[in-house]
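K.L.:
Sharing a structure here in structure tokens format.
The values are calculated or read from the model by the stated rules, or taken from the named source; none is laboratory data. All values reported here derive from a predicted model rather than from experimental measurement. FYI the Cβ positions are ideal-geometry reconstructions off the backbone, even for glycines, and counts take in every protein chain you see.
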Amino acid sequence: MKEWKGTAAVCLNEHHQLLMVQGEDGTDWAVPSGGLEPGETLRECCIREVREETGYEVEVVGELYVKRKQTASGIRVETYYFEARVTGGELRIADPDGIITHVGWRTPDEVSGCSHAYPEDREFLIDYMTSKRQPER
């Protein structure tokens, strides 16, 4: 069975907005993500994908969860979601694949109302954003 592994970065700014990218179709949004390259660790993949798609340098703060699914064509997909924090860089599209058309920070309401490239992520992302707004005890 064919297998694909990749990562996704869940990154909030100081205003509790989520870093998202919009694909070439101009409608669907997603968190920065992409496939693991040979010799690369999952954390390295996450950092590289954010840099390529958004121009930001990030550090991986922690692991959030792994989404596993099987495609209709029989490919087993594993996407590792990491919490990330911006440490430098500047907002710009540097995507070598040329599929990212916009990058931006989205509020919970915008995340809730936008078209998602991966609709199954919507609830998780909103829950994550909401939990980060709660005061820590």
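Residue-wise test of (1) under 11 Å from the mean Cα position of the chain (by Cα); (2) of a type outside the set (D, E, K, R).
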{"site": "15", "(1), (2)": "no, yes"}
{"site": "31", "(1), (2)": "yes, yes"}
{"site": "37", "(1), (2)": "no, no"}
{"site": "41", "(1), (2)": "no, yes"}
{"site": "44", "(1), (2)": "no, no"}
{"site": "62", "(1), (2)": "no, yes"}
{"site": "91", "(1), (2)": "no, yes"}
{"site": "106", "(1), (2)": "no, no"}
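K.L.:
Is it true that some residue in segment 87-102 is at pLDDT 95 or above, exposed (fewer than 12 other Cβ atoms within 10 Å of the Cβ), assigned to a strand (DSSP E or B) and not hydroxyl-bearing (Ser, Thr, Tyr)?
P.N.:
Yes, segment 87-102 contains a residue that is at pLDDT 95 or above, exposed (fewer than 12 other Cβ atoms within 10 Å of the Cβ), assigned to a strand (DSSP E or B) and not hydroxyl-bearing (Ser, Thr, Tyr).
K.L.:
In the set 72, 30, which member is free of Cβ contacts under 8 Å to residues at least 12 places away in the same chain and hydrophobic (A, V, I, L, M, F, W, C)?
P.N.:
One residue alone meets the criteria, 72.
K.L.:
Could you figure out which of (1) modelled with pLDDT of 95 or more; (2) under 20 Å from residue 106 (Cβ atoms); (3) acidic (Asp, Glu) isn't true of residue 40?
P.N.:
(2)
K.L.:
Return the total of residues in segment 116-131 being surrounded by fewer than 14 Cβ atoms within 10 Å (Cβ to Cβ) and either assigned to a loop (DSSP other than H, G, I, E, B) or touching a residue at least 40 places away in the same chain (Cβ under 8 Å) (or both).
P.N.:
Of the residues in segment 116-131, 1 are surrounded by fewer than 14 Cβ atoms within 10 Å (Cβ to Cβ) and either assigned to a loop (DSSP other than H, G, I, E, B) or touching a residue at least 40 places away in the same chain (Cβ under 8 Å) (or both).
K.L.:
Among the listed residues 104, 113, 89, which satisfies the condition of being in contact with a Lys or Arg (Cβ under 9 Å, 6 or more places away or on another chain) and among the small types (Gly, Ala, Ser)?
P.N.:
Residue meeting the stated conditions: 89.
K.L.:
Among the residues of segment 63-76, write down those that are part of a strand (DSSP E or B), farther than 16 Å from residue 46 by Cβ and out of contact with any Asp or Glu (no Cβ under 6 Å at 6 or more places or on another chain).
P.N.:
Listed by number, the residues that qualify are 69, 70.
K.L.:
Which of the residues spanning segment 15-55 are touching a Ser or Thr at 6+ places or on another chain (Cβ under 7 Å) and of a type in the set (Ser, Thr, Tyr)?
P.N.:
Residues satisfying the conditions are 27, 33.
K.L.:
Can I ask one more? Can you report the number of residues in segment 35-59 which are part of a strand (DSSP E or B) and either aromatic (Phe, Trp, Tyr) or touching a residue at least 40 places away in the same chain (Cβ under 8 Å) (or both)?
P.N.:
Qualifying residue count for the region: 2.
K.L.:
All but one of (1) in contact with a Ser or Thr (Cβ under 7 Å, 6 or more places away or on another chain); (2) loosely packed, with under 15 Cβ neighbours inside 10 Å hold for residue 6, so report the exception by its number.
P.N.:
Only one criterion is unmet by residue 6, namely (2).
K.L.:
A further question follows. For segment 40-50, does any single residue satisfy the condition of being in contact with a helix residue (DSSP H, G or I) (Cβ under 8 Å, 6 or more places away or on another chain) and closer than 24 Å to residue 5 by Cβ?
P.N.:
Within segment 40-50, one or more residues are in contact with a helix residue (DSSP H, G or I) (Cβ under 8 Å, 6 or more places away or on another chain) and closer than 24 Å to residue 5 by Cβ.
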